[in-house]
Amino acid sequence: MKNTDFPRLAARRRTRKAVPKIKLSAKSATDAAPREAVPAIIEQWKRERPDLDFQPMLVFATLARTYLTITKSIDDLVAEYGLARGMFDVLATLRRSGTPYSLTPKQLAGSLLLSGAGMTNRLDRLEELKLIVRKPQAGDRRSLQIQLTEKGLYFVDKILPDVLALQSQASMIGVQNSQKLVHLLSMIIEQTEQTSADD
C-alpha cells in the first residue's frame, strides 16, 4: 500500500508527535459553558423531589458523562482521517472478524446495534472511499458480503494503536479498579438485557 493512498496518514506521521491526552474537563467540546457536576444535578432533584430515589440517575448520569468525555477524543482522532466514528466502527468490526475480513450486512448491524438503514448509509460512504467492497455471497448471489479492501485493512491497522492509546487513558484508575469496573458494568448490562427480555 502506497502512502499516497493515504495523504492524511502521511501528514499525521510528519506532524503528530504524540497521542493527544484526553482532557477530563468540565466543558463541552461544542459549548464553552461549564457543565454542571453530576452530584450537583442530583442534589437539585433531591431538593425538588425528596419523595423520589435518584441513586439510579446518579449512576447512569455518571456513566453517560464518562462516555461522552472519553469518546470525544476518539471521535476527533478518527475525524482527522476524514471519517465519522460510526464508519470506523464498521471497519474495525470487519478487521476483528479475521481473514477474509468479511461479514454480511446483517452480521454487521447486529454487532453494532444498527438498523438496516443506518448500516446502508455507512456502507455506501465506505464503499465510495474504497475502504470496503460489496461482494455476492458464495452460493447465494442475492445475498451480499461486506469485505475490507487492502486500503481499508491498512487504514484500520494504522489508526488502531492511536485509538487504543486514547482508551488506555481511561484505565488510569489502575488494573484492579478497572477490572472491578468492567465486572460491575457487565452486571448492569446483563440485568438490563434480562429485564428487557422479560418485558
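FYI, it's all coordinate maths here, none of it is from the lab. Source: prediction; values computed, not measured. Cβ: placed from backbone, ideal geometry, glycine included. Neighbour counts: every protein chain shown.
Brief remarks follow.
- Lys135 passes every criterion in (1) basic (Lys, Arg); (2) in contact with a helix residue (DSSP H, G or I) (Cβ under 8 Å, 6 or more places away or on another chain); (3) closer than 24 Å to Thr120 by Cα apart from (2).
- Residues in the stretch 124-133 that are surrounded by 14 or more Cβ atoms within 10 Å (Cβ to Cβ) and under 15 Å from Glu150 (Cα atoms): Leu126, Glu127, Leu129, Leu131, Ile132, Val133.
- Evaluated against (1) surrounded by 13 or more Cβ atoms within 10 Å (Cβ to Cβ); (2) of a type in the set (A, V, I, L, M, F, W, C); (3) over 20 Å from the mean Cα position of the chain (by Cα), Leu160 falls short on exactly one condition, (3).
- Note on the stretch 142-152: residues that are in contact with a helix residue (DSSP H, G or I) (Cβ under 8 Å, 6 or more places away or on another chain) and surrounded by fewer than 19 Cβ atoms within 10 Å (Cβ to Cβ) total 3.
- Residues (within 17 Å of the chain's Cα centre (by Cα) and among the hydroxyl-bearing types (Ser, Thr, Tyr)) located in the stretch 163-185: Ser168, Ser171
- Taken over the stretch 140-180, the residue count meeting the criterion of being among the basic types (Lys, Arg) and either in contact with a Gly (Cβ under 7 Å, 6 or more places away or on another chain) or closer than 15 Å to Ser102 by Cα (or both) is 1.
- Checking each residue in the stretch 42-66 for being of a type in the set (Asp, Glu) and in a helix (DSSP H, G or I) picks out Glu43, Glu48.
- Of the numbered criteria (1) surrounded by 12 or more Cβ atoms within 10 Å (Cβ to Cβ); (2) under 30 Å from Leu184 (Cβ atoms); (3) not aromatic (Phe, Trp, Tyr), the one Ser102 fails is (2).
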